[in-house]
Amino acid sequence: MLNFLIRRTVFMFVALFAVTVISFFIINLPKGDYVTAYIAQLQATGSLVDADEASNLRKFYGLDRPLYIQYLKWISQIVLEQNLGFSFEYNQPVTVVIAERLLLTIILAIATIIFIWIFAIPIGIISAVKQYSFWDYLFTFLGFIGLAIPDFMIALIMMYLFFVWFDFSPGGLFSPEFSQAAWSYARVMDLIEHMWIPIVVLGTAGTAQLIRITRANLLDELAKPYVVTARAKGLSEWKVIAKYPVRIALNPAISLTAYILPFLISGSVIVGVVLSLPTVGPMLVKALVAQDMYLAGGIILLVGFMTVIGTFISDLLLLWIDPRIRFEGS
Amino acid sequence: MFRKFQFGLVLVAMLSMGVVAMSCSDEEAEEVTNTTNASAAAKAAPPAAKAAAKAAAPAAKAPKVVETSKTTKAATADDQAAGLGEGDVSWPSLSDSMPSSFSESPLCAAQAAAGTIPALEDRLPDNPLVISPAESIGEYGGTWFRGFTGPADGQNMERPMKDHLLFFGTNMTDVQANIGESWTSNADATEFTITLRKGLKWSDGDDFNTDDIMFWVDNMLSDEEINPSPPAWAKSGGELLKFTALDKETIQINSLEPYGLLITLIASVVVAGPHTRGDGGDGLYAPSHYLKQFHPNFIDGGVAAANAAAEAEGYDNWAKYFLFKNHANANPDSPMMTAWKVTQPITSEQWALERNCFYYAVDTDGQQLPYMDYVVLDLAENLEVLNLKAIAGEYTVQGRHIDLSKLAVFKENSDKGNYRIQFWRQPESGIANLYINEDWGRGPNGSPELASFLTNKDFRAALSMGTERDEINEVFFLGLGEVGGLCAGWDDPNNPGKYIGEDYVQFNPDAANALLDAMGLDKRDSEGMRLMPSGEKIVVTHSVAVAAFEDYEGIDGMVIEQWRQNLGVDGKLDAQERSLWSGRIDTNEAQLNSWESSGRAGAIITPNHLGMVGAGGFIARVSATDHLDGIYADGWMGEWQRLYDEAVSDGSKYAPNLQRVVELNCENVNPITTVMNKPTYTAIIKKNVHNVPNPLPFSYHAQTSGNGFPETWWLEGGNQ
């Protein structure tokens, strides 16, 4: 058991290290760097940059050194000073730039998971208990639609419908008057008011998935002899279902949560761009385009960190819930 | 059980790659690739403009470069005759008559009454800039709502709020007074003076005078940390210009070599002011009283203390910290000279500005400008959202980022959104010019036989006459472009009634084929494609960037098909990601590049499209580099380079040479233009907004909408 935990923790750090290497080098794959982009700007205005000047600029930004040195400098800053580096484009430290956006990203992801639970589990139970009923067919149909449509598509359709029906252009997580305000009760309420559209968009696929899984698991359980026995003993129907089969059927739901987490974050990149959300997603896309490498690297690292932590937590939960895994590990 | 964990890792890798891939194909990439603010605009402004002939024509008649004192210009009969737009021409102009009294907005009056700012007469300079609005004297109040796309979109407000010492009139060619009230130049254009208004104030109430210019010269321009590469405009004959403050209001500038273009450059985006250029350490002046606390020359402990202060804030060194502090868009503490001042930085979800109660301009009734109290820009993470908000009527005036291809939807919703649509065009700009690389034969894969045709003017003329421009215009630009040449509107003295190159832009396959037959391309293969004398098929390779402003891949594909069918000249499409594409220009491998050209009025100020000088690269990269070493090319390109040099040194030659160089492009059919003058901006304007000039000609160098004087725009009945 302890053995497993140690091994698992070591692998987590290896994974994080791999994430930093991959993200850093992928960011540097496209031709050119931030200075290339900057020179293109000078040229666009008719100014001329000769080779000397370009190399001065590279020196100014530390881009003249070999890639692995840049990487080592970056990673040592992160480990030693918790400093994610400097965003060229914002002209500010990366941590300053992404702080609030990261918070909103996490809030959105957690809210979406809660949304998925609230809708998927009861619906999954109803679908299983009332198998082949009208409601089962309806939710199955909706679930497949939810699974089949990409979330950015749902986002676009919702934006269009809201504009046509309600004359309201969604986008963003706050009303204008709150977007820059300090956190307050009113601002939280405003956030909740705006947040449900991205939550629905992001959560649809996960909800559909969880409905199917809950339904399938519960159906397996309901057919088992202990359920028949419980019924035969005269337990109320509610107790029969809720006390045992549902509990067991929920196990995958818990592990699925960690497995959904990376989906939510990766999905929120594209949905964030489409819905104009002040999350880290759109910022990541722009940073990559501008070759603002430390900003992009910082975001990918944090997203990777959340993913790795999420899977770690899910493994621990499984370990706790399911003795089979516990024993296999030792 | 590690499967799941591996899965997570793969997912992160996929996520990062996916986004990288996405970034390569995202159209918005264009804007951000060029990162800093000004560039974004240069690129964001795809070419175009109908207003044909037209705004550049008055330029030729009005050389204002070597001249003393204020110029004033309203729309002239000439401009009107040139048909710059639908309806009557209504342009703002500067007025020479000083109003007898001054008044201010209630917002400033309240602050003055509360004692937080001085009274109006102490805030205005002795001689305010008097602007006569395009239509009417306005009323104060309201908010200018706009959308922006993030910190790289600084040009969004840099354009409307020019803080240049001198600035252009609406026609984009006449240099006018602005912060500076007059200027002089000596006869050989080596000594210039600019006189500032007396009593100017920064937005924090501090005095603005030549100290702010000299601070910039001594501590920023000449500082290696801040300006490792001084801007090219600040050098003449290889040396930095010499700046001398004659008194608090007069600055003298000396250049080693004649530099008649300098005044025009100062008025343009090339020099601009600190709001546009401050984050790069340029901008000709800077708020010295504010910046001194961050500069090692002025703090105890020098560089070490400055670096320590910067590091405490998370910056690598003092220079980066200093430049951040001088970037008013991102740092609202930095004082400004513009009509509005930043109150919420561009790095937030809402970029907000508020009127600058110390602004130096008034209307002809003496009301201090601007009319609108606030500017509020909402962040749109993508252009679809921004356009949707525009369709919903959420913006007051917005041309930037508006997508012309959605025109039908904009028109359909204009009553519901209570807005009108106005096209801002860039006179004689190419949308997708075909630039033939005349230096290709000197490149790594140049073949002498094919190169001999590429450098042959008749060959290019034949290609041009074999192009069906109307078809391209309809298919790609909703028919909103034009099919004339770069020289439209300029009479050819040798061919009255026509302009130079007019014959070449007409579809005339017979004449084209006759030319091709005559130059030794008369043999054809079994598919009817022409063969070179050696027997090899002639194939012209089009080098295009994918996912750029326009669908160059599609346009060039159509051109290739037209040339095959009409002329029997075979072609090949070489589509590359943008940076790889521009890499091929640098290495001189591309034969034919498809790209825009900005309005011909900028041919000398920003020569990188039509010229073969400096950074000019499409027509002849190698010759442009040679020219830096003083070597002139042969033939027409050499003439272009000489005319350019002459215009830079001798201001009186600027206007005539500007026309002559473009004529050289037309005479020599390089670039081959396809569709011209698509509206650059499709401006969405609330119906109750007044004083937006009609028409508003567009250019990057004159920072449109800045040349429309947005400080005079006002809202009838407030925001609706």
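The values are calculated or read from the model by the stated rules, or taken from the named source; none is laboratory data. Computed from a predicted model, the values in this text were never measured in an experiment. Cβ coordinates were reconstructed from backbone atoms using ideal geometry, including for glycine residues, and neighbour counts include every protein chain displayed.
Observations
- Filter result for B:Gln703 (buried (at least 24 other Cβ atoms within 10 Å of the Cβ) and either modelled with pLDDT under 95 or more than 24 Å from the chain's Cα centre (by Cα) (or both)): yes
- Residue within region B:205-216 that is part of a helix (DSSP H, G or I), in contact (Cβ under 8 Å) with a residue 24 or more places away in the chain, within 26 Å of the chain's Cα centre (by Cα) and over 11 Å from B:Pro287 (Cα atoms) present: no
- If you go through region B:277-294 and pick out every residue that is part of a loop (DSSP other than H, G, I, E, B) and surrounded by fewer than 22 Cβ atoms within 10 Å (Cβ to Cβ), you end up with 0.
- Filter result (within 30 Å of B:Leu610 (Cβ to Cβ) and crowded, with 23+ Cβ neighbours inside 10 Å) within region B:403-426: B:Phe423, B:Trp424, B:Arg425, B:Gln426
- The criterion of at least 2 residues that are within 13 Å of chain B (Cβ to nearest Cβ) and surrounded by fewer than 20 Cβ atoms within 10 Å (Cβ to Cβ) is met, among helices (runs of 4 or more DSSP H) falling completely within region A:80-174, by A:94-129, A:151-166.
- Any hit, region B:568-581, residues being in a helix (DSSP H, G or I) and touching a Gly at 6+ places or on another chain (Cβ under 9 Å): yes
- Residue satisfying all of: in region B:613-649; of a type in the set (Val, Ile, Thr) and within 14 Å of another protein chain (Cβ to nearest Cβ); surrounded by the fewest Cβ atoms within 10 Å (Cβ to Cβ) among these: B:Thr625
- Checked against the criterion of being under 24 Å from the mean Cα position of the chain (by Cα) and without any contact (Cβ under 8 Å) to a residue 40 or more places away in the chain, region B:586-599 contains one or more residues that satisfy it.
- Region B:313-369, residues that are under 23 Å from A:Leu57 (Cα atoms), more than 26 Å from the chain's Cα centre (by Cα) and either surrounded by 24 or more Cβ atoms within 10 Å (Cβ to Cβ) or among the β-branched types (Val, Ile, Thr) (or both): B:Trp318, B:Ala319, B:Phe322
- Residues in region B:193-212 that are touching a helix residue (DSSP H, G or I) at 6+ places or on another chain (Cβ under 9 Å), buried (at least 20 other Cβ atoms within 10 Å of the Cβ) and not acidic (Asp, Glu): B:Ile194, B:Leu196, B:Lys201, B:Trp202.
- Some residue of region B:427-441 being more than 29 Å from the chain's Cα centre (by Cα), farther than 30 Å from B:Gly583 by Cβ and crowded, with 16+ Cβ neighbours inside 10 Å: no
- Note on region B:228-240: residues that are crowded, with 19+ Cβ neighbours inside 10 Å and assigned to a loop (DSSP other than H, G, I, E, B) total 3.
- Residues that are over 23 Å from B:Thr264 (Cβ atoms) and among the charged types (D, E, K, R) within region B:674-720 comprise B:Lys678, B:Lys686, B:Lys687, B:Glu716, listed in sequence order.
- The single condition from (1) under 25 Å from the mean Cα position of the chain (by Cα); (2) within 7 Å of chain A (Cβ to nearest Cβ) that B:Leu383 fails is (2).
For every residue, the table says whether it meets (1) modelled with pLDDT of 95 or more; (2) β-branched (Val, Ile, Thr); (3) surrounded by fewer than 15 Cβ atoms within 10 Å (Cβ to Cβ); (4) not in a strand (DSSP E or B).
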| residue | (1), (2), (3), (4) |
| --- | --- |
| B:Asn494 | no, no, yes, yes |
| B:Glu553 | no, no, no, yes |
| B:Ala590 | no, no, no, yes |
| B:Asn593 | no, no, no, no |
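- Scanning region B:268-282 for residues that are touching a His at 6+ places or on another chain (Cβ under 6 Å) and more than 10 Å from every other protein chain (Cβ to nearest Cβ) returns B:Gly273, B:Gly278.
- Checking A:Lys243, A:Lys233 one by one, the residue that is modelled with pLDDT of 85 or more and exposed (fewer than 14 other Cβ atoms within 10 Å of the Cβ) is A:Lys233 and no other.
- Region B:335-373, subset assigned to a strand (DSSP E or B) and within 14 Å of chain A (Cβ to nearest Cβ), residue farthest from B:Leu107 (Cα to Cα): B:Gln350
- Scanning region B:386-409 for residues that are among the hydrophobic types (A, V, I, L, M, F, W, C), under 25 Å from the mean Cα position of the chain (by Cα) and within 13 Å of chain A (Cβ to nearest Cβ) gives B:Leu386, B:Ala390.
- Identity of the residue in region B:246-266, under 17 Å from B:Val217 (Cα atoms) and not hydrophobic (A, V, I, L, M, F, W, C), that ends up surrounded by the most Cβ atoms within 10 Å (Cβ to Cβ): B:Ser255
- Checked against (1) within 14 Å of chain A (Cβ to nearest Cβ); (2) farther than 17 Å from B:Tyr435 by Cβ; (3) surrounded by fewer than 22 Cβ atoms within 10 Å (Cβ to Cβ), B:Ala601 meets all criteria but (3).
- Subset of region B:84-133 (residues that are part of a loop (DSSP other than H, G, I, E, B), more than 16 Å from B:Leu369 (Cβ to Cβ), modelled with pLDDT of 95 or more and small (Gly, Ala, Ser)): B:Ala119
- The condition (being closer than 30 Å to B:Trp424 by Cβ and not in a loop (DSSP other than H, G, I, E, B)) is satisfied by just one residue among B:Phe507, B:Phe459, B:Phe476, B:Phe453: B:Phe476.
- Residue in region B:134-192 that is surrounded by the most Cβ atoms within 10 Å (Cβ to Cβ), counting only those that are assigned to a loop (DSSP other than H, G, I, E, B) and among the basic types (Lys, Arg): B:Lys162
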